[in-house]
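One structure is given here, and the rest of the page talks about it.
Read the figures in this text as sums done on the coordinates, not as results from a lab. As the structure is a computational prediction, the values presented were derived from the model and not from experiment. Every residue, glycine among them, receives a Cβ derived from its backbone with ideal geometry; neighbour counts consider all protein chains shown.
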Amino acid sequence: MSSSPLLDTIASPADLKGLSVHQLQELADEMRASLIETCSSTGGHIGAGLGVVELTVALHFAFDTPRDQLVWDVGHQGYPHKLLTGRASRMATLRQEGGLSGFLKRAESEYDSFGAGHAATSISAAYGMAVARDMDGADYKVVAIIGDGSLGSGLAYEGLNNAGASRRDMIVVLNDNEMSIAPNVGAMHKYLTSVQRNSLYNRIRQKIGDLARQAPWPLKDAERLIHKWEESLKGFLTPGVLFEELGFRYFGPIDGHDIGQMAETFKAMREMKGTMLVHVITQKGKGFPAGENTEKWHALPPGHDPGTGKLRKPSTGNANYTTVFGKGLAELMDEDRRLAVITAAMPSGTGASAVASALPDRFFDVGIAEAHAVTMAAGMAARGARPFVAVYSTFMQRAYDSIIHDVAIQHLPVVLCLDRAGLVGEDGETHAGLYDIAYLLAVPNVTVTAPKDGRELLALMRSAAAHDGAFAIRYPRDAAPDTVPAMKEVAAVPYGTWEVLRTGGEVAILAVGAMVVPSLQAAESLAAEGLGVSVVNCRFLKPYDATVLSEVVASHGQVLVVEEGTVVNGFGAMMARVIGALNASVRVATLGVPDRIVYAASRARQLEQCGLDAAGIAASVRSLYGSEAMTG
C-alpha cells in the first residue's frame, strides 16, 4: 500500500477541522491514490469517487457531520466519504462478502444518512429530512449532493420543484462533471455547460466579487446590490436562470477541485437560511490512468494495474451476455430497418454501444430516464418502428408504470432487454435484478423469456423482432456458456415453446434461463446416483408451453421449478398453480431467491447461498424425491 501519513490520522470528520487548506489538499491527494490502489484490487465504481475527493473533504470540513446530514446521490460518489468516516482501514473489503458496501448504506455508518444505489434520490430524500427536522423543531443542515447525470432523471426534477417551492432550509450541491456513465445527453447538460463556460459571465462575476471586497459601504447594503446585479447578469448572459426560477438561491459555478474555495463557500452557506444550490465543476475519474476511455472511469472489475488502468489478466473465456446482445443487435438491425435501440445512460453497460458505432441514426441514449425510454419506445412502436429498450433489470423497475400504461395496454411491439437479471455479485442488493419475473408476469400482453445460453439469446431477439406485442428478454451478468455464432446463422425460437433437454425418472426440473446449465449438471450427478431426472428449458415463461407441460405432468410425480428470481410471485409460484389445476397429485417445489435481501458477494457465492448452483439444485431434487418416497 502507498504511504498515507495524513489519511492514517483521520478517524472521523472531526479530525479535519484543525487542518490547513494546504493539508486538506495533501489529504485529498492521498485519498485519491488510496482509492485507485483499492479499486484496482477490489473493483468498484471509481470514476465518480475520484471526481469528488476535494468536494468530499470540503463538505466534511465545513459541515458538522453526522449532525448535519449529507445525502449522497447514487452512492458511486461515496468512496471518499467512506475514507473520512472511520472506514479507511476496511476499504480493502469493498464490495466483498461481509465487507463494505459499494454504495451508501444506513446500517453501515451513522454518516450514511440515506442509502443510495440508484440515481436521483438525494434531493427528494434530503427534502424529506428537512421536513422531519422542522417538524421536530431541530436545527441542523441537510445537504444533497447530486451528479449532473442524475438531473436527467424525472425524480430529480420532482424533488427540485417541491423543495424550491417550499423555501425550506436545505442545500443542493450539483456535482457537474459532464458525465453520468457515458457522456451526458439532453437539454440540461447543454444548459449547465453553457453556464459554466460563459467566459463573459465568469469575468464579470469575478469583478462583482472584487467590488464586494473593496466596498466602503456597509456589507449588508453591498450584498443587496451585488445580488441584484448578479441576478441581472445571469438573466442576460446565460440561457435562463433555471434554478432561481425553481426557488433556489444559486451559487457558482465554482471549481470542484479547489478545496479552499469550496470550504469557504460551504461555511458561508452553513450560516445562511433558505433553499440553496451550489454548482460545482469536477472532473470524473480525476487521476485515474484510463487514457481516452472515459467510460472506463465509471467502474472497474477487480484485477487492474493501478499505474496503467489495464487488466492484469485479460479474460480469455466466452463473451458475456452483454457483448453477445450488443453484437447480435447490431447485426439484426442491419437486416431490418424498423429496429432501433434505446438505452438510459448505459451504452457500454448494456452492449448498445455496438449499435451506436455501427448504426448511430437508430441508437438513442436518453440519459438516466428509464420511464421516458419505455414511453418513447411506445411512441416509436405506435408509428411502425420496432424499438429494443436495453436497461438493467434493477433500473427497469423505475419504468413499471410505463410498461403497463404505455406499452402493454396499447399492445405495442416494444422489446424490453433486461441485462443483469438475477444476482449481480459485488454490486449487491441495490443492483440485483430479482424482481422482473414477478412484476412482468403480472402484466397482460407482455411475453416474458429467458435464454439458456448466448445462441438462444440471439434466437429470442429474432423472435422478439417478429412479434406483434411487448416482448421481454432477461439475461444474467455472466459469461455465456457457449461459443456464439453470428446472428445470420441463428433462427428464431418458435413462439411460446419449451425445449426438453433430458428425459427420465420421476422428477422433472423446469429450469429458467441461466438455471438450465446448472440443472443439467445436477441431473448428471443425480443420474450417477441412480436417480433419473428430466430437464426442461422453460425459455418462454409467459406464455408457457402448455403441450410440453401437460406431457411433464403426465409422466412425472414430482416437479422442481428453478429460477434466478424471487420465489414469491415468481415463475415457480405460477407453475405450482397451473400444475395443481392439471393434476393435484403432482408434487411441486420451487427453488429461487428466498424472501430476503441478498448482500454483496461474488455471483457464484450468491448462487451457492441460494441453492441455485448445481449442488444446491441436486440437493433440492433429493429432498423432493425423498419426501415423496416417504409419503408414498
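Key figures for this structure:
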{"item": "Cα gyration tensor shape of segment 116-183, rounded if a/c is under 1.5, else prolate or oblate by comparing a/b with b/c", "result": "prolate"}
{"item": "Per-residue Cβ neighbour rank within 10 angstrom, fewest leading, LYS17, LYS267", "result": "LYS17, LYS267"}
{"item": "Positive-pole candidate from THR503, VAL559, ALA523, dipole of segment 491-579, charges at beta carbon", "result": "VAL559"}
{"item": "Karplus-derived 3J(HN,Hα), 6.51/-1.76/1.60, for each residue of segment 88-105, Hz, glycine and proline x", "result": "4, 6, 10, 5, 5, 8, 3, 6, 9, 4, x, x, 5, 5, x, 10, 7, 8"}
{"item": "Exceeding the 23 Å Cα-Cα cut-off - candidates LYS17/LYS141; LYS105/LYS267; LYS105/LYS452; LYS82/LYS286", "result": "LYS105/LYS267; LYS105/LYS452"}
{"item": "Selection from GLY532, ALA546, ALA600, by position along the positive dipole direction of segment 499-631 (Cβ)", "result": "ALA600"}
{"item": "Spatial separation of Cα centroids for segment 312-384 and segment 495-555, in angstrom", "result": "32 Å"}
{"item": "Anisotropy class of segment 455-542 from Cα gyration tensor, a/c 1.5 cut", "result": "prolate"}
{"item": "Rounded Å value of the spacing that divides the Cα centres of segment 266-283 and segment 584-611", "result": "46 Å"}
{"item": "Hz values of 3J(HN,Hα) by residue in segment 429-442 - Karplus curve (6.51, -1.76, 1.60), Gly and Pro given as x", "result": "5, 6, 10, 5, x, 9, 10, 5, 4, 4, 7, 7, 4, 7"}
{"item": "Shape call, segment 321-489: gyration tensor on alpha carbons, a/c limit 1.5", "result": "rounded"}
{"item": "Rounded to whole Hz, the Karplus (6.51, -1.76, 1.60) HN-Hα couplings of segment 531-548, x for glycine and proline", "result": "10, x, 9, 8, 10, 10, 7, 8, 5, 9, 7, 8, x, 7, 8, 5, 5, 5"}
{"item": "By average C-beta atoms within 10 angstrom, highest first, the peptides 469-475, 543-549", "result": "469-475, 543-549"}
{"item": "Order by protection proxy (mean Cβ within 10 Å, highest first), peptides 41-54, 390-403", "result": "41-54, 390-403"}
{"item": "For segment 499-631: span of alpha carbons on each principal axis (Å, largest first)", "result": "41, 34, 29"}
{"item": "Alpha-carbon centroid distance for the pair segment 82-151 / segment 5-19, whole angstrom", "result": "20 Å"}
{"item": "Amide H within-cut-off set for VAL278, under 5 Å, with H built and near neighbours excluded", "result": "VAL172, VAL173, LEU174, PHE251"}
{"item": "Inter-probe distance in nm under a simple model that places probes 7 Å from Cα toward Cβ, at ALA11 and HIS467", "result": "5.9 nm"}
{"item": "Charge context of ASP8, other residues only, Cβ under 11 angstrom, K/R +1, D/E -1", "result": "-2"}
